[in-house]
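Engineer: Structure incoming, see below.
The values are calculated or read from the model by the stated rules, or taken from the named source; none is laboratory data. What you are looking at is a predicted structure, and each value in this text was computed from that prediction instead of being measured. Here the Cβ is made from the backbone with ideal geometry for all residues, glycine too, and neighbour counts use every protein chain on show.
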Amino acid sequence: MAGLARRLAIGLVGQGLWRLAMALNPILLVPVQISHWGVDLFGQWITLTALVSYLPYVNLGLVATATNDVIMAAAAGDRDRARRSFQMSCNLALGPLPVILIVAVMAVAALPLARWFHLDGIGASAVVLVFAFAAAQLCFETLRGLMAAVLYANGRYGVAYNIATAIKLIELIVCIGAIVGLGAQPVHVAGLTATMALLDLVVVGVVARRLAPWARMDLRMADIAWLREHLRPALGFSGYNLATQGVMIQGPRLVLGALLGGPAVAVYAVYATAMRLVDQLFLTVMAPAGVEISHAAGRKDSSQLVRLIAFVVQLSLLAFAGVSLVLMSLGPTIFDWWTRHQIAFHHGLMILYLVMSGAGLAGRIAAQALISVNAMRAVAIITLLAASASVALGAALVPESGLVAVLIGGIAGEAAISILLWGALQRWLALPLRQLMIEIADLSGSVTRLRHQAAALLGRR
């Protein structure tokens, strides 16, 4: 138990630093972009990044499923299986993925996206170039994720998080300097981001090679049985990600971009970015806990699964309550400084965002637990249907209600997805729901266990 506490503590610190760097990115970039580009161009950039965000779905959840399989195989002591998953994943990332992305970028070049989504401030040629940079970035990030999986399998996920934190901070500094000092436009920011992804891949690859000599690429490896085995969980992860990220998060931006233009997208994005603080805090807890959930699943330890999921729920609810209090009390002051007096804060609008985030929090917890054991496939399709219906509802109401319409649709969709995912989690893992509820309610017990484990760690030092 002390080893688990130590790994979680290191992981939480590493994830906390990385999530802080991720949070600083929009906190510091948004005011710079709004003041130097204007609200309209900023909104167009958000619309374009929403379009670009669909590119990662072409890897079909490769990184997540391969990472989980490598971790579970290592936990079970099956080094050959872990090596086979690593090699097959790398070969897919180096072969079919770049070809598919080239075809995707060529298809984008043939579509009038700049006209459809009112991206006249960016321009048609720049839109295609941004997609090309994003495709290169996806290749780098896919390989980086597979290299990091090796570190996770060895219990060294703090190393991967710390590298990501350093690279993200460098990227932030370079982008701000380029916009302020050199007048960089959206296409230049896309190029800088792809370059930083390449640097991240190189650093993590070197560290993984040194710490895990068993993980070596083999371009001759071709295992059709492995591909069939992992295709279903990969499609499940990709389907869920498309539902929550591609539809629930990016869909409203595209709806507003097509129907109302850049300024409406800018307002929606600023409020949504403020709410991302909840997600960053949640993922700070969930990322290391997810690795341990994979380990526990590999060992068939159901009691450990219950404790880990209850721990995530407790910390996530506390984080949500804290962020909500800060936003509702300090929102006007924060928005005034953050957006350079360009976008006003409205308590009623923020309440709707908080309700939407709260409705989806339970679903995100259940989803990450399912993803950690490659068990998302069964519920992915119905989740995608629920998400699509919620965005369609919002789009139908936009002409009458404007921005509020997409929030109404979002609340309905998040609540439906949460119910579906918790049902799937209980069925798939055969979790004793009553025991889980008791663990979640036992805050004092969790605090006591954490205190004892922290004391043991400090005493051992």
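Engineer: Mind listing whichever residues of the range 370-415 are of a type in the set (D, E, K, R) and either in contact (Cβ under 8 Å) with a residue 40 or more places away in the chain or not in a helix (DSSP H, G or I) (or both)?
Structural biologist: Within the range 370-415, the first condition is being of a type in the set (D, E, K, R), and the residues that meet it are 377, 400, 414.
Of everything in the range 370-415, those that are of a type in the set (D, E, K, R) and either in contact (Cβ under 8 Å) with a residue 40 or more places away in the chain or not in a helix (DSSP H, G or I) (or both) turn out to be R377, E414.
Engineer: Output the helices (runs of 4 or more DSSP H) that fall wholly within the range 72-140 and possess 3 or more residues being under 22 Å from L227 (Cα atoms), touching a residue at least 60 places away in the same chain (Cβ under 8 Å) and not small (G, A, S), or say none. I'd like the intermediate steps shown before the answer.
Structural biologist: Numbers: elements: 79-94, 96-109, 113-116.
Of the helices (runs of 4 or more DSSP H) lying wholly inside the range 72-140, those with at least 3 residues that are under 22 Å from L227 (Cα atoms), touching a residue at least 60 places away in the same chain (Cβ under 8 Å) and not small (G, A, S) span 79-94.
Engineer: Within the range 187-215, track down each residue that is in contact (Cβ under 8 Å) with a residue 60 or more places away in the chain and assigned to a loop (DSSP other than H, G, I, E, B).
Structural biologist: Within the range 187-215, A212, W214, A215 meet the criteria.
Engineer: Same structure again: From the list G402, G394, G358, pick out the single residue that is out of contact with any Ser or Thr (no Cβ under 6 Å at 6 or more places or on another chain) and on the phi > 0 side of the Ramachandran plot.
Structural biologist: Details: G394 fails: on the phi > 0 side of the Ramachandran plot; G358 fails: on the phi > 0 side of the Ramachandran plot.
Result of the check over G402, G394, G358: G402.
Engineer: Another question, then. Take the residues of the range 321-369 that are outside any helix (DSSP H, G or I) and of a type outside the set (A, V, I, L, M, F, W, C): which is nearest to the chain's Cα centre (by Cα)?
Structural biologist: Filtering first and then ranking leaves T339.
Engineer: Just to be sure, is R144 of a type in the set (K, R) and at pLDDT below 90?
Structural biologist: Working: of a type in the set (K, R): yes; at pLDDT below 90: no.
Here the answer is no, as R144 does not meet what is asked.
Engineer: Taking the criterion of being farther than 27 Å from L370 by Cα and either of a type in the set (G, A, S) or at pLDDT below 85 (or both), would at least one residue in the range 71-88 satisfy it? Walk me through it before giving the result.
Structural biologist: Applying the first criterion (farther than 27 Å from L370 by Cα) to the range 71-88 yields none.
The answer is no, given that none of the residues of the range 71-88 is farther than 27 Å from L370 by Cα and either of a type in the set (G, A, S) or at pLDDT below 85 (or both).
Engineer: If we keep just the residues of the range 216-256 that are small (G, A, S) and assigned to a helix (DSSP H, G or I), which is farthest from A412 (Cα to Cα)? Show your work before the answer.
Structural biologist: Filtering the range 216-256 down to residues small (G, A, S) leaves 222, 225, 234, 236, 238-239, 243, 246, 251.
Subset that is assigned to a helix (DSSP H, G or I): 225, 234, 236, 238-239, 243, 246, 251.
On the way: A225: 40, A234: 27, G236: 22, S238: 22, G239: 19, A243: 14, G246: 17, G251: 14 Å.
Here the residue is A225.
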